[in-house]
Amino acid sequence: MIIFYIKGELFVRYQLGARERERLLESLPLTDEQRDFLIHHVKRGKKTIFANIMAKDKGIVLPGQTTNEEIEQLLDEWILDDYIDNGFVNPETRCECGRPLRYQYIVRHKTTNEKRRFGIDHFEEHTNISSTIIKDILKGFHTIDYELDELLVKISENWSLSEVVPYLPNEFKLSEGIKQYIDNDIPLLDRQIELLKKEIRLFVNQPQRLIDIVPSNVEKSLERQENDQISFDFGIDDSIHEVATTLDNNNVQINLGLTLEDQIFQFVQEGISSARVICELLIKHEQVFSVRYITGKPKIFVRVCQYLDSLVDQGIIKNREILGTDDRIYNI
Ligand SMILES: [Zn+2]
């Protein structure tokens, strides 16, 4: 662990290095569930980093909570299919060039289904992915290793939720992502603790029911805020409204059109739960224009949420999770 000070403030970063990480993984009294969770955390984290950077290269920016499975729906080229840690250099898992590996990365081309297997040092040699993208991916992979370090250090120090978050309001519902850690007896990452504290503050200061009663007003003010951030003219702004939306007389009810609504509902039925990913799929399939706020969020997002919220009101969609202004999760 590295402890350092900036302007008199204490900062802690959890960087163990490969040997110490290995030592803790072996020596900590982890249950099978905890060990599986940590392995899964690293695998999933690397897949998500990989997919996010490949998507970003296509101009798609997604909120942090989006799952790798959902991002991969937006990609037609390479995805990280698997990441294997054998625990030892294993002749059964080789690089494309024949060198036996301990850590093997397997990428799969989504269109051709071709697979490539390699050690991290030969990432560039055995794929046609550009070196700039690979550099970003490797940087991202390091952050996942540091997250594992953070979890291991916290487990070794008997981390407890009540010490960092002393007050959890009675009716407060933990987000699905954070709940999984708690349920598996795994500490939360610092970034999750910050997020959780923010959610609790929001919950205490702005009761959920306020949002539920006046969704359109809240959405409209959010939309206005985001419009204010736009620094240049997209040019085709008006055409998207012609194609994708029609406003009725009192400007409250907004319809997307039956075809789009059917398509959106079909995505939800197929298990796509993130409204942001649904928007990106509509853009990918050229059903709406790629018109975005300066943050990268598609402008159609608010309309898609309004339609899905109407399905929640009708009881067709049972579960909705609001992730601030970034995303909404819908499950049938
Ligand atoms: Zn190789």
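Worth pointing out:
Rundown of residues vs (1) within 20 Å of residue 176 (Cβ to Cβ); (2) at pLDDT below 90; (3) part of a helix (DSSP H, G or I), yes/no style:
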site	(1), (2), (3)
231	no, yes, no
235	no, yes, no
259	no, yes, yes
277	yes, no, yes
282	no, no, yes
303	no, no, yes
328	yes, no, no
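- Per-region count, the range 261-273, residues aliphatic (A, V, I, L, M) and outside any loop (DSSP other than H, G, I, E, B): 2
- Scan of the range 90-128 for residues that are within 11 Å of the ligand (Cβ to nearest atom) and polar (S, T, N, Q), ordered by number: 104, 127
- Candidate set from the range 164-179 (those that are touching a residue at least 12 places away in the same chain (Cβ under 8 Å) and under 20 Å from residue 64 (Cα atoms)); member that is surrounded by the fewest Cβ atoms within 10 Å (Cβ to Cβ): 176
- Residues of the range 258-291 that are among the charged types (D, E, K, R) and touching a residue at least 12 places away in the same chain (Cβ under 8 Å): 261, 276, 280, 284.
- Within the range 64-75, residues that are at pLDDT below 90 sit with their Cβ atoms under 6 Å from residues that are of a type in the set (A, V, I, L, M), at 6+ positions apart or across chains, in these pairs: 65/323.
- The residue of the range 131-145 that is nearest to the ligand (Cβ to nearest atom), among those that are under 23 Å from the mean Cα position of the chain (by Cα) and surrounded by fewer than 16 Cβ atoms within 10 Å (Cβ to Cβ), is 134.
The values are calculated or read from the model by the stated rules, or taken from the named source; none is laboratory data. Every value quoted in this text rests on a predicted model; they were computed, and no experiment measured them. Neighbour counts run over all protein chains shown; Cβ positions are idealised from the backbone, glycine included.
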